[in-house]
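Q: Mind looking over this structure? Questions follow.
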Amino acid sequence: MNNIFCKNRTCFFVIITFLIFLPGCFYTRRPAILPAATRGYSDEQIGVECKVQPLSGKESYALFGSDLAYQGYQPCLVELYNNSRASYSLSWRYVSMPLTSHYIIKDVSHYNTSLFAFTTSLLAAIYCWPLIPVVIVPSALAMARFNKEVDQVVDEYGLKDNERITLAPYERLSKIIFIYGWHKGASFDIGLLNSDTHAFIKFTVTL
């Protein structure tokens with residue numbers, strides 16, 4: 001009798017715990033929108049304007065679902081406006097600070113869906129198996145959907161390590177770089193390569 005009571009009580013607490021966390025699993029992310037670079041570094045050279053703004057924890061969370069700077073990867077918004085007739089290119093290699101691959105950013109921003117599904121299903125199988133189809137499966141699917149949305153944001157806005165972007169005449173460009181080991185007051189260079197003359201414009205950024 002006591003064993004039945006203890007098992008029912010455990011089942012009750014497991015159900016309550018899952019119900020508490022359930023609403024968060026079905027949270028719908030708002031469409032990711034880059035903030036405007038209104039603070040930080042700003043300079044102009046030969047008709048090309050460069051702005052660099054480190055994203056706050058709140059801005060990072062809105063885009064990637066986590067505070068990346070807290071994990072050691074400072075996201076910085078780079079805004080470029082080419083108000084000239086020349087074309088330039090931007091590449092991962094033209095930034096002097098150590099950057100983090102977009103693949104790593106995806107990994108650290110993801111939910112561990114497999115671990116969640118395995119551990120919670122195991123507990124539910126012991127104490128309350130109906131939680132598996134009712135709560136655990138929908139929650140795992142919601143986490144997988146969240147991970148996919150984060151991947152799309154990183155792919156769209158992040159500067160990839162194998163990417164070379166052309167900045168055409170009179171074009172605006174906004175990209176996010178992820179600096180590893182960044183600290184306030186750090187300086188680094190961002191270079192733009194002239195597509196015709198192969199000369200560099202160098203912006204020395206201090207944040």
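Values quoted throughout were computed directly from the atomic coordinates according to the rules given, and no laboratory measurement underlies them. Just so we're clear, the structure is a prediction, and the values are computed from it rather than from any experiment. Because the Cβ atoms are built from the backbone with ideal geometry, glycine has one as well, and the counts that use them run over all protein chains shown.
Q: Suppose R0 equals 22 Å. What FRET efficiency, 1/(1 + (r/R0)^6) with r the Cβ-Cβ distance, do residue 46 and residue 165 give to the nearest 0.05?
A: Values: r = 18 Å, r/R0 = 0.83.
Efficiency, from the Cβ-Cβ distance: 0.75.
Q: Right, something else. Suppose R0 equals 25 Å. What FRET efficiency, 1/(1 + (r/R0)^6) with r the Cβ-Cβ distance, do residue 173 and residue 101 give to the nearest 0.05?
A: Working: r = 20 Å, r/R0 = 0.81.
Here the calculated transfer efficiency is 0.80.
Q: For segment 168-193 and segment 68-120, what is the centre-to-centre distance using only Cα atoms, to the nearest Å?
A: Going from one Cα centre to the other spans 11 Å.
Q: Tell me which residues come under 5 Å, amide H to amide H, from residue 205 once H is placed; ignore anything under 5 positions away on its chain.
A: Sorted by chain and number, the residues that satisfy this are 188, 189, 190.
Q: Taking the number of other C-beta atoms within 10 Å as the exposure measure, put 129, 92 in order starting with the fewest. Spell out each step's value before the answer.
A: Details: 129 13, 92 16.
Listed from fewest to most nearby Cβ atoms, that is 129, 92.
Q: Under 12 Å Cα-Cα from residue 148, which aspartates and glutamates qualify once same-chain neighbours fewer than 8 residues away are excluded?
A: Straight-line reach from residue 148, under 12 Å: 107.
Q: Same structure again: Which length gain, in nm to one decimal place, applies between residue 119 and residue 134 when the Cα-Cα distance is subtracted from 0.36 nm times their residue separation?
A: On the way: separation 15, 0.36 × 15 = 5.40 nm, distance 1.57 nm.
Full extension of this stretch gives 3.8 nm more.
Q: Among 62, 80, 104, which residue has its Cα positioned farthest towards the positive end of the charge dipole of segment 36-119, with +1 placed on the Cβ of Lys and Arg, -1 on the Cβ of Asp and Glu, and the dipole taken about the Cα centre?
A: 104
Q: Which ³J(HN,Hα) values in Hz, rounded to whole numbers, follow from the phi angles of segment 173-180 under the Karplus curve 6.51 cos²θ - 1.76 cosθ + 1.60, where θ = phi - 60° and Gly and Pro get x?
A: Once θ is set to phi - 60°, the couplings for segment 173-180 become 9, 10, 9, 10, 10, 10, 9, 8 Hz.
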